[in-house]
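Here the structure comes first, spelled out in structure tokens, and everything after it is commentary.
The values are calculated or read from the model by the stated rules, or taken from the named source; none is laboratory data. Predicted model only: the values in this text are computed from it and were never measured. Here Cβ is always computed from backbone atoms with ideal geometry, including for glycine, and neighbour counts include all displayed protein chains.
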Amino acid sequence: MGNKQTIFTPEQLFYRYRDLAPQLVPLSYIDKPDVKLPYELIGSMAELKDNPFRQRIAEVFSEDGEGNMTLDDFLDMFSVLSEMAPRDLKAYYAFKIYDFNNDDYICKSDLEKTVNKLTRNELTPEEVCLVCDKVIDEADQDNDGRLSVEDFQHMIARAPDFLSTFHIRI
Amino acid sequence: MSYRCMQHIFLEMSVFVIDALNGNVMIFVKCRSSYCQQQKHNMISFIVVIEVDNEEGSAAESEDDDSKIATVYHTDNINSVRVCVRELLVLIHDINFLFLSVPPTPHHDCEDEEESENEKKITAKTRRGNARGRARKDSEEEEEMRTAGQRRQRNRRAQRKQAGNEDSDSDGESRKNKKNRANQISKQQEPSEDGEDDNKGGRKGRGKNETKQEKNPDEKGKKEKDNKKKKDKKKKVSSSSDSDSEEEPITEEELAKLKEEVEEKKKLIATLRNKPWQMKKKLDVLKEAQLFVEKFEGALGKGKGKKFYAYKVMMTKKWMKFQRDFENFKTACIPWEMKIKEIESHFGSSVASYFIFLRWMYGINMILFGLTFGLVMVPEVLMGKPYGTLPRKTVPRAEERTAMNFATLWDFSGLAQYSVLFYGYYNNQRTIGWLKFRMPLSYFLVGVGTIAYSYMVVIRTMARNANEEGGGDDTSFNFSWKMFTSWDYLIGNPETADNKFASITTSFKEAIVEEQENRKEENIHLTRFLRVLANFLALCTLAGSGYLIYFVVRRSQKFALEGLDNYGWWERNEVNMVMSLLGMFCPTLFDVISSLENYHPRIALRWQLGRIFALFLGNLYTFIIALMDEINLKLEEEKIVKYNMTIWEASLYNGTIPENATAPPIQVDPADVPRGPCWETMVGQEFVRLTISDTMTTYITIIIGDFLRAVFVRFFNYCWCWDLEYGFPSYSEFDISGNVLGLIFNQGMIWMGSFYAPGLPAINMLRLHTSMYLQCWAVMCCNVPHERVFKASRSNNFYMAMLLFILFLSTLPAVYTIVSIPPSFDCGPFSGKTRMFEVISETLENDFPSWFGKVFSYASNPGLILPFILLMVLSIYYLNATSKSYKEANLDLKKKLQSQAEENKKRNKQKAQQAREMEENSLETKPKQQGSKQDSAADQGTQKGRGDKENKKKTSHQQEGSPSQQHGPGPNAHYTSHGRGGSLAPPPHIAVTQPPVPRGYGMPGYPPRNPRFEGFPGGHPRMPRGTPNYR
């Protein structure tokens, strides 16, 4: 962590992007080429490859929702995950990342997926169920059995280390 | 003139004054006409230049030189500038009128020549130069286009002044209102526009143009309206701004609006990052906003700070980076942090707490080691008399042959005994070396200081921990935070990722255990009975073992008196054997007993620790008894040796030079001089041996009990008849209680022994260092996590309390020996004194002036000391009482907060339910309401309609509320639903009864801005907007 550059410029990001597939990405973007990098390449980046949510991250930030990213998407992703991005923005995207089925609510199945990804399926189904119930019980403000964006933000606004963990350094 | 405008002008005045000194005054004024807006030229800027001449004169307009509106004010007094400004404002007002009619020219691509030409013109008049080049340019272009208009305008200026003044005074209030409304409207427009953007599937780029187009008509309309009102009030002839040619004043209001818009754009630029838009859209918006701001800002001369701003941003970034690096560095400096983190991630915080404790101990011992090493051992080695010069520094003749044998050294006798490691080696010379180092004093003070420092550190740590414990953390979102914020997105290394997965799993398990403990509601009577039974059993065990120890010690004392030679091996080692047998079996017994109690594992650990601690106290007791016996024996021996010494000395003198008594004493090899037993060294040796053997036992236990067992289980599992891994031997768990207690008792040994063996802290350092590595390795390699991984209490004050107790116990014998046993006569720094502490009074006599000694003797007078102690006791009592009351108050508040939070939550949930039910009701009434909505075209209509709706809402609230009164919190809940809490609870479904809003707040896909308040119709500030006003 220590030797990594922390503030990255768009140029550096561009080179990072290009390094993923030098044969696909042209050096100049003046004529706005329509280039997309497939998810396999994005997900194999050093910053993402150990992240259990890498697929979700790529899907959320990519325009087509399947993880294939243009340069703009790529910049977008790193701008949100940069240190400078404000809490609200981060929370909004975090919500999207944890909302596996894209229904704008984090429901119990989303939570179960999250837990299983976080623990690599090492908890028993009962434990997972208990955890999910507890989460809904804690964070659900309007008692509809699922977390809306507001619930999520309300909860995340007080989290002590959300800001320090939800960012990526290049 | 609206307030904002005034402000703006006065802001400019600073420029004004500065330039007045140079002789010229220039003001940039910018304004915007609705016409320009239409043409997408948001700005006309122009310059008012005021020349300050030295001649007396009245304010007069300058001759209109072709490019500027230059007004010359004659002022010789800068103070009067203020007065002029007022007139100037009027002037500006007029100028606004002037420009309305003039069609602006595009100014994007302007040639350099033109600019330079302008430059020349301007420099002739103004000294204020380059920063405003652009503004000047703009203004001049436009200037040229509208000279005709100006002429006309200027003729009317005199009349206008009056009108303008009156106007500004009279209806400032109404304007402010209007302005506010205008702002609101524009704000409303913006979100809806955004929403629409988001709505469009593509979302790319195209949004901007469309929204622009959407915006323009609206704004046009609005402005039209404003202008119309203006017109009415002023009773002046003007047409709508649609027509190009006719004049229309840009009012101050619009100026203010413009300023506001600039501010808004700026804010937009600043907060663009916060918008959850696609990058392309962001870029577009940014470009547009930047262009806008640049135009206006450039004209205003505010863009000058750009460079400085960029510099500042850069520095902030650098500073942040530095801070982070520094943090990293600091973490890297914490020893074994990574190892402990790794263990914590796999074994939970309870096991990690042992290692943290071990590290803390290591730190303490480092200080102790530094004290003894730096102030006692090193000076003695460097400046004291070398080995072999004194009898106490030489191995006696009888032991010389075996002094270097390994077995002897291992036993810390022989050469090791007569070394700097032990008390006996030190000489009683008052000062040593050229530094006149007071060795005995230093020795004494270090011994006392070690113990005092330990007390201080332990107590301070305890106090700090207690503080932390008192703070408590917010656990209302415990699981949610664990789920959503525990993964560290920074992790880019597979090993770290593995650790993180493990630690998250562990922390989940810990939390689940806590949760299950909370939920567990069992037969309270049975548990209580079992717990009492368990405690009874444990007490019995303790009492039994205590009696056994007492019995055995008594017996061994009897044996010792009768002489050990008559007895066999068992009798001689009875005490040790009993002790180790007890130490081996009792903890297991306690473990079995504690399973009866069914405590939370954390509490169970404490009980276990307490019980084993009590058992170990017996160990300590026997040890100290044995030591005291030995000391007494040595003291007896010493008396005999002393007597023999005089005989030996007499024989020495008599034998060699009987006749000459005045001759210098004959040289006898120091090795041949008879010695006293030196009980201090003996005590030191005992402690060192004990420490070493303790360390060896621990290591051997680790290697055999953990490592070999793990190897056996792992590899013999392939060819065994039952499952070794999950069956009988299995892998071992990490024994927290045993290890913690081992550490604590070991530390007690150090505290007791370090006075008589200055080398003991050094040895202990070695031990702690190696055991850190060995145990870390052993845990990771051969242990399995506990069955129920539990969370350690955040402060390990329990460990600390035990440590403090042991510290107290271990200071008792040390202090007793120092104070009441005379030091040996022929070894150690205090030899020749009757008591060790006499070194203090000796120093006071010799090294301090006499008055100091007197003061000291007065101060140590019991008449002074007793009241002082009394005072201390009283203050302690007082402080204790206050702290207790604070704690209670704290607890009370915490409880209150908690209950409030719970109540809030309950209320919210209830409200949500109500809302849902109400929604079902309102679904039926919805068509009707919508119908009425459409009917009402006028203001009043909608107002009434809304009022009706609200009434209905209220009634339905009440209807819903009444059933809820029968259960739940009762009438309170009903009341609060209308009170403050009502505005907090967003029942999003009520929005259904709203007229079809284009993508409102709280709907999915809307940028998160104000999550708490969005979507709620009642308390929303933008609700009473007058949509019909547009129509």
Only one of B:Ser883, B:Ser850 is farther than 30 Å from B:Tyr756 by Cβ, of a type in the set (Ser, Thr, Tyr) and exposed (fewer than 10 other Cβ atoms within 10 Å of the Cβ); which? B:Ser850
Can you name the condition, by its number, that B:Glu510 falls short on among (1) touching a residue at least 12 places away in the same chain (Cβ under 8 Å); (2) touching a Pro at 6+ places or on another chain (Cβ under 8 Å); (3) crowded, with 19+ Cβ neighbours inside 10 Å? (2)
Residues of segment B:623-644 being closer than 12 Å to B:Gln557 by Cα and of a type in the set (S, T, N, Q), in sequence order, are none
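Taking the conditions exactly as written (assigned to a helix (DSSP H, G or I), more than 30 Å from B:Trp481 (Cβ to Cβ) and either touching a residue at least 24 places away in the same chain (Cβ under 8 Å) or touching a Cys at 6+ places or on another chain (Cβ under 7 Å) (or both)), does B:Asn576 satisfy them or not?
In short, no.
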Filter result (in a helix (DSSP H, G or I), over 27 Å from A:Ser82 (Cβ atoms), more than 7 Å from chain B (Cβ to nearest Cβ) and acidic (Asp, Glu)) within segment A:132-170: A:Asp133, A:Asp137
Can you find even one residue in segment B:784-792 that is assigned to a helix (DSSP H, G or I) and touching a residue at least 24 places away in the same chain (Cβ under 8 Å)? no
Would you mind finding the one in B:Trp751, B:Trp679 that is more than 25 Å from B:Gly370 (Cβ to Cβ), touching a Ser or Thr at 6+ places or on another chain (Cβ under 8 Å) and modelled with pLDDT of 85 or more? B:Trp679
If a residue has to be loosely packed, with under 14 Cβ neighbours inside 10 Å and either away from chain A (no Cβ under 14 Å) or outside any helix (DSSP H, G or I) (or both) to count, how many in segment B:336-365 make the cut? 1
The one condition B:Lys280 fails out of (1) modelled with pLDDT of 80 or more; (2) crowded, with 18+ Cβ neighbours inside 10 Å is (1)
Of everything in segment A:57-71, what is surrounded by 20 or more Cβ atoms within 10 Å (Cβ to Cβ) and not aromatic (Phe, Trp, Tyr)? Give them in sequence order. A:Ile57, A:Ala58, A:Glu59, A:Val60, A:Ser62, A:Gly67, A:Met69, A:Thr70, A:Leu71
Among the residues of segment A:117-126, which ones are out of contact with any Phe, Trp or Tyr (no Cβ under 7 Å at 6 or more places or on another chain) and either closer than 20 Å to B:Gln516 by Cβ or surrounded by 17 or more Cβ atoms within 10 Å (Cβ to Cβ) (or both)? A:Glu122, A:Thr124, A:Pro125, A:Glu126
Unique match (being within 21 Å of B:Trp487 (Cα to Cα) and more than 14 Å from chain B (Cβ to nearest Cβ)) among A:Glu47, A:Glu59, A:Glu66: A:Glu59
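Here's the yes/no breakdown for (1) more than 20 Å from B:Thr485 (Cα to Cα); (2) at pLDDT 80 or above:
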{"residue": "A:Glu11", "(1), (2)": "yes, no"}
{"residue": "A:Asp72", "(1), (2)": "yes, yes"}
{"residue": "A:Leu89", "(1), (2)": "no, yes"}
{"residue": "A:Tyr92", "(1), (2)": "no, yes"}
{"residue": "A:Asp110", "(1), (2)": "no, yes"}
Among helices (runs of 4 or more DSSP H) entirely inside segment A:69-119, those with 2 or more residues being at the interface with chain B (Cβ under 7 Å from one of its Cβ atoms) and over 16 Å from B:Leu283 (Cβ atoms) are A:87-98, A:108-119
Within segment B:491-504, can one find any residue that is more than 11 Å from every other protein chain (Cβ to nearest Cβ), of a type in the set (D, E, K, R), over 30 Å from B:Glu636 (Cα atoms) and assigned to a helix (DSSP H, G or I)? no
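If we only count helices (runs of 4 or more DSSP H) wholly inside segment B:376-477, which ones have 2 or more residues that are free of Cβ contacts under 8 Å to residues at least 12 places away in the same chain? I'd like the intermediate steps shown before the answer.
Working: elements: B:378-383, B:406-410, B:439-471.
Those helices (runs of 4 or more DSSP H) span B:406-410, B:439-471.
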Scanning segment B:391-407 for residues that are loosely packed, with under 15 Cβ neighbours inside 10 Å and of a type in the set (A, V, I, L, M, F, W, C), which turns out nearest to B:Asp669 (Cα to Cα)? B:Ala398
